[in-house]
Each structure stands twice: as structure tokens, then as C-alpha cells.
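I have placed the structure first, in the form of C-alpha cells, so that the comments after it can refer back to it.
The values are calculated or read from the model by the stated rules, or taken from the named source; none is laboratory data. Note that this is a predicted model, so its numbers are computed, not measured. Using ideal geometry, Cβ is built from the backbone for each residue, glycine included, and neighbour counts are taken over all protein chains shown.
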Amino acid sequence: MVLLFFMILAIDTGLGFLDVPHSLRLVGSRRSCEGRVELWKDGQWGTVCDDHWTNEVAAMVCRELQCGPLMSTPAGHIYLPKAQRGQHVWNLKCNGTEETLAECEEDFIECSLDHSEDVGVNCKEETLNFNEVQLADGPSHCIGRVEMKYTGEWLTVCNEGWTLQDAKVLCRELGCGRPILTKGSCNKDQQGTGNIWSGQMQCQGSEASLNDCPFVPMENNCSHKDDIWVHCEERFALRLVDGKRNCSGRLEVLHKGIWGSVCNDGWGEKEDHVVCQELKCGKAVFQKSRARKSFGHGKGHIWLDDVRCKGKETSLEQCKHRFWGYHDCTHREDVSVICSEK
């Protein structure tokens, strides 16, 4: 929470995100909070020797790099690329009162120059703690500009480091399908206003929420031209319309945010059964052709044709059908379904 407070303060004051120190870095890992420790001192980058290295010093490095708590202290030589021969090795002796590694005194006893004694750290990465996320100004809740809500304010998100893995997590969190498009250069009418969150996500793609993803604090050099725009598939949905109850009527399915009807070519009892089960409306009731036409004709899109179910599917989405929107039907052939409701 303290980190997020300063994050918002940095945005509000226009000073950018919390500045990561430029005198300290972790090298050789894909994770920003893990790697071989290297320190900039006296005009050069050098590794750090393990002679006086303790968990307390490693924890200080994690704090200085604005990472989470220390997890482990692996040997520095395991990280690639390995330190170069001739690169300086600092032998540092800390007394525990320092706030940065550069403040530690240097022990002039020489360490191994083959870098076999280099130290590394593995810190836990910080995660987000936003109240809510949304896709704004799009045609549906599954399409739009990425925004995160914190302390009552919606912040747009900078495109720096945004990946398809981040979009997968966001689409999942919003209850949408897979991401179809993610872009970080919004058109003028798609750009947001107000403050911009400029941290870099590091989602793996399997997380349930963006709050579960590690992130890296970054300097805020973004404008609203850099706002992220994401297009997720709509979650599959169906409904029965124009009936007296929710469990009978003309069948419609949701695709690309638009409701459309289903053609009756090849439609039968197995397909009726799957629809009633998915809607939790009991069993399918046999219909005479006249009853099927009692719910009127739809308008607009006919999304599905030649639907073929085995009867054991839990969703109509799992049944075989033509490509979405491809059909040879009119609305006189719209499917209707009557379920028992129990």
C-alpha cells in the first residue's frame, strides 16, 4: 500500500513513477527482481563478492530495487550472461544501518577475480492492488481502453512492456473470452484523459487477475497516445426471447457483442436438450412445427447454421457448426426452444 501511495503521488506531481536507482542492478534473469548483483561505483559496474554477504544485506538490495521481500540468495555465477573477466569485484562490508548498497564500506581484501564468489538475489516481485479494472469507451465491456481504479480514480495504462500475456489475464478477469487484439497506440477518439499508470506488467498469462501479476515501477514518460486498447472475445452466451417465460422462445446467441439467431437446418432434440441444460431450464419439450413458429422471426444477424450436437455437451458452444455468420437461411428458419423449466 505504501508503494502504491507513492506511485499515485509521483503521477499526480508529474515526476514520473518511483525512480529505480541507477547505481544498482540485477543481471542475467528474465525477472526484474532476480539476478546477479552489480553495483555502479567509481565510474564502473562491478559484481559483489560473498565474503561479507548476509541475508540482511540481500534484503536491503531487494528494498533498494523496490522489489518485494527476499526469497533466496543464489550464487551470482549461475546467471547468464556471466560476468566478464576483468570486470571489477566489490568486496563490501555493511554494518546494517545503510539504506543503499553503495553506502557500505569497501573491504580491500581482494576477492576471486574469476567471479566464482559473485552474489545474486531472488526477491519477490510486488503485485498490484487496484480496486477494479475495465475496458472503457468500447462497444461492449470486452472491448476498450484499459483502465485501473485506485482510491476512486480511473487511471489509463501505458503501453510500455504490455504483452499478449497481460491481455489474456485482463480478458479472463473481465469474464470475456481470449484476446483478439491488443494495441498500444490509440486513435484520438480512443484516448483517455487524466492520470496514467506507467508500471510494466509481468503476467505469465495464467493469473486470475492483474492484481496477481508482478509489476516493475517505471518512469512515466507516456502520453495518452500510448494508452492500451484491448479487444477480447465476448464470453459465449445464449437466451430464449419473445416467450412468456425465460425457458421458452426464439433462440439467440451472443457474438462480437451482438445477439443473433440460429438457423434450424439439422436442428433436433439433441440440440434442444443442450440448450435447456445450459440455461438450467430442465428438459427439452417436444415441439410440433407450428409451436416452433409461435415466437416470431428475428432480425439482424443469423450467427449459426448446421449446428450438430451429440447431446452430452454442457454448452451449445461445444457443438459443431459452420463458421460464425455463414449460413443459407432466412429468419423464417430461426430456431425456437421450449424447456420444461424443472
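Below, the figures for the structure above:
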read-out	value
Criterion violated by GLY120 - all others in (1) within 22 Å of VAL27 (Cβ to Cβ); (2) assigned to a strand (DSSP E or B); (3) under 16 Å from the mean Cα position of the chain (by Cα) satisfied	(3)
Residue count, the stretch 128-143 (criterion: modelled with pLDDT under 85 and not hydrophobic (A, V, I, L, M, F, W, C))	4
Scope the stretch 48-75; condition surrounded by fewer than 18 Cβ atoms within 10 Å (Cβ to Cβ) and among the polar types (S, T, N, Q); matching residues	THR54, ASN55, SER72
Flag if LYS244 is under 15 Å from SER336 (Cα atoms), of a type in the set (Lys, Arg) and either assigned to a strand (DSSP E or B) or out of contact with any Leu (no Cβ under 6 Å at 6 or more places or on another chain) (or both)	yes
Test: residue in the stretch 98-114 that is on the phi > 0 side of the Ramachandran plot, modelled with pLDDT under 90 and of a type outside the set (Ser, Thr, Tyr)	no
Scope the stretch 39-56; condition assigned to a strand (DSSP E or B) and more than 12 Å from VAL89 (Cβ to Cβ); matching residues	TRP40
Residues being surrounded by 22 or more Cβ atoms within 10 Å (Cβ to Cβ) and more than 17 Å from CYS142 (Cβ to Cβ) - total across the stretch 228-263	8
Whichever residue in the stretch 319-333 is surrounded by 14 or more Cβ atoms within 10 Å (Cβ to Cβ) and out of contact with any His (no Cβ under 6 Å at 6 or more places or on another chain) and, among such residues, is nearest to ARG245 (Cα to Cα)	GLU333
Residues of the stretch 76-114 classified as touching a helix residue (DSSP H, G or I) at 6+ places or on another chain (Cβ under 8 Å), closer than 17 Å to ASP50 by Cβ and not small (Gly, Ala, Ser), total	4
Checklist (1) buried (at least 18 other Cβ atoms within 10 Å of the Cβ); (2) in contact with a Lys or Arg (Cβ under 8 Å, 6 or more places away or on another chain); (3) in a loop (DSSP other than H, G, I, E, B) applied to GLU341, failing item	(1)
Some residue of the stretch 101-120 being touching a residue at least 24 places away in the same chain (Cβ under 8 Å), in the same structural domain as GLY43 (by TED's automatic domain parsing), in contact with a Ser or Thr (Cβ under 7 Å, 6 or more places away or on another chain) and polar (S, T, N, Q)	no
Residue that is farthest from GLN191 (Cα to Cα) [pool: residues in the stretch 127-161 that are of a type in the set (Ser, Thr, Tyr) and part of a strand (DSSP E or B)]	THR127
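This table checks each residue for (1) modelled with pLDDT under 90; (2) under 35 Å from the mean Cα position of the chain (by Cα).
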{"position": "VAL253", "(1), (2)": "no, yes"}
{"position": "GLU269", "(1), (2)": "no, no"}
{"position": "ASP272", "(1), (2)": "no, no"}
{"position": "SER294", "(1), (2)": "yes, no"}
{"position": "SER336", "(1), (2)": "no, no"}
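Listed here are the residues, each with its yes/no results for (1) buried (at least 17 other Cβ atoms within 10 Å of the Cβ); (2) among the polar types (S, T, N, Q); (3) at pLDDT 90 or above.
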| site | (1), (2), (3) |
| --- | --- |
| ARG145 | yes, no, yes |
| GLU153 | no, no, no |
| LEU164 | no, no, yes |
| LYS168 | yes, no, yes |
| PRO179 | yes, no, yes |
| GLY194 | no, no, no |
| GLN200 | yes, yes, no |
